[in-house]
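Report on the structure given below.
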Amino acid sequence: MNRTFNSYPDENYANVRRSMRQTEDDHHKNLSDKDPHFDFKSNHELKFGFSSIRVMGMFVVLMMFISVIFSVSVVFRDPPSDAVIEGSDVWIPQWSSDPVDSKVGDLQTVVQPVDKLLSGLLSAKHVVGSCLSRYNSVAYQHKLAYEPSAYLLSTLRGYEDLHKRCGVHTESYNKTLEQLRSNGSSSPSDCKYLLWISFSGLGNRILTLASAFLYALLTNRVLLVDPGTDMAGLLCEPFPEVSWFLPQDFPLKDDFSSFNQNSPNCYGKIMKNSITPDSSGMILPSVVYLHLVHDYDDDDKLFFCDQDQALLQQSPWLVMKTDNYFVPSLFLIPSFEKELNDLFPNKDTVFHFLGRYLFHPTNSVWGLITRYYHAYLARASERIGIQIRVFDTGTGPFQHILDQVLDCTMKENLLPQTERQTYAIDPVSNQKSKAVLITSLSAGYFEKLRDIYWENPTVTGEIISFYQPSHEEHQQTEKSIHNQKALAEMYLLSTTDVLVTSSWSTFGYVAQGLGGLKPWILYKPENRTAPDPPCRRAMSMEPCFHAPPFYDCKAKKGVDTGKLVPHVRHCEDMSWGLKLVDDPYD
């Protein structure tokens, strides 16, 4: 008789005992029916049976012991070299985006390798728990659009060493600070600094911080950040061991709000009042203010000229105020050309790489992001982000904006068409689901889009769900919780598979850059009429420089700076703006 043994040793033993006991009982019963002296025989055979069972039991226990020893030896032996979890390769279980399996009744999980250091973009020297998003964000955002260049990685490691040596409260910092306090003239210094003033809305601040950091890399300066009222509560420290935030007792901190084009140390004013026709022979003060705000004039824009960059190297302290993503014009400065080409072989990756390197939400903001993601977005087959920025005055929602969003998403097959049905359609077990994340100051567009897909079935049978994390009604840049929600929504948009953004919106620029996405950009409506076509695909994932200079520094005359080099072109959403592209013919 063939027997099937259970895979667990303790159950095998129990089966053996039951089988032998049943055999003995049957045998004794048959003998008792035939033999009058059964009592004597049964006692003798019972002893023999118990002896057999004891032997069999000892054999099974021995086999169990050998099995345990073998298992322990497998678990504790040295793993192969490719299984050691060090550096950037870790194994993290992730939910697949497939819908629930009706047979299993639970989400299927996929275990895949995750590169927590983003191909070396991030340093491994940070304390993990201090900023949960730094190493965990890889499980939510898309992988990098390209591999960062080896030169970029080595430059970032070199900058981290410089920041550690020259950052706040270091010996070099204190020495340079004494010079600043004494208002001494510029002299050779071990360390030079770029001070970024917190200014404008959150989207602008993030874009300008990336611009300032790139300029610091190009000029071998240490970037120090004015935390303003809320920056420390929004973003983690990006550099190991030494902070990038200015201390409260920094000498010029109280003067930041008063810096403008009329400040004595404003570079534009210095050049305007210069008695020499060029910058040769000029001596700059130890502190120079760079006014790169949208209202800057031609003298301020000399910052983007090669000879002026050479002059600015004199000053150990540069103070920058800007609301522009001025990176595209850095690519037009000849002395930076080779360095930028080595750093970014793919020209449209500047903000993508620098954003993923610099901007990690604090633990409180990360909680907002992850809780919302798992509650509403994680289980969808596809995630679509729609960012709506309205420039019209008055009370919305506006019908022409809604028509434009629907026209764009349906023409580009981002959302399915709907049809009016008078009968219910039975759900299909393997229906595809799309989660649509709406970000807008108004709740009206979310409500109208949600109702359209609630009241009418889709022609494809897809299940469309709509979500909007917040609707603040008005921009409130002075409120900390408002900016925390804004950062969380930018980040959530960056996790989507498809993105639709509004023209001129730095909020959308941040999301597309962090996500490595080329969005569909909604054209800016005119006269409250939906434009035709409603949108177009972006040439690159780079943000737009809204107020670039149109000046040829060598020829000293006006020029179209969007036609000087193939990789700096005019923006899709702002004809006079500049943006970086990798393929100028895309």
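Here are the numbers for the structure shown:
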quantity	calculated
Those residues of the stretch 518-544 which are open to solvent by 20 Å² or more (accessible area, probe 1.4 Å) and part of a loop (DSSP other than H, G, I, E, B), in sequence order	518, 523, 524, 525, 527, 528, 530, 531, 532, 533, 539
Unique residue being over 29 Å from residue 123 (Cβ atoms), free of Cβ contacts under 8 Å to residues at least 60 places away in the same chain, open to solvent by 30 Å² or more (accessible area, probe 1.4 Å) and in contact with a strand residue (DSSP E or B) (Cβ under 6 Å, 6 or more places away or on another chain) when the list is 265, 260	265
Members of the stretch 343-360 found to be closer than 16 Å to residue 205 by Cβ and open to solvent by less than 10 Å² (accessible area, probe 1.4 Å), listed by number	351, 354, 355, 358, 360
Matching residues, the stretch 545-560, being touching a strand residue (DSSP E or B) at 6+ places or on another chain (Cβ under 7 Å), open to solvent by 20 Å² or more (accessible area, probe 1.4 Å) and not in a loop (DSSP other than H, G, I, E, B)	none
Subset tally (residues that are part of a loop (DSSP other than H, G, I, E, B) and not hydroxyl-bearing (Ser, Thr, Tyr)) for the stretch 344-397	16
Meets criteria (more than 30 Å from residue 430 (Cβ to Cβ), surrounded by fewer than 24 Cβ atoms within 10 Å (Cβ to Cβ) and within 15 Å of the chain's Cα centre (by Cα)) for residue 514	yes
Number of the condition not met by residue 186 [criteria: (1) touching a Leu at 6+ places or on another chain (Cβ under 9 Å); (2) at pLDDT below 95; (3) assigned to a helix (DSSP H, G or I)]	(3)
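The values are calculated or read from the model by the stated rules, or taken from the named source; none is laboratory data. Since the structure is predicted, the reported quantities are computational estimates derived from the model, not experimental observations. Virtual Cβ from ideal backbone geometry, glycine too; neighbours counted across all protein chains shown. All accessible areas refer to the heavy atoms of the entire protein, side chains included, with ligands and DNA or RNA removed. Shrake-Rupley method; radii C 1.70, N 1.55, O 1.52, S 1.80 Å.
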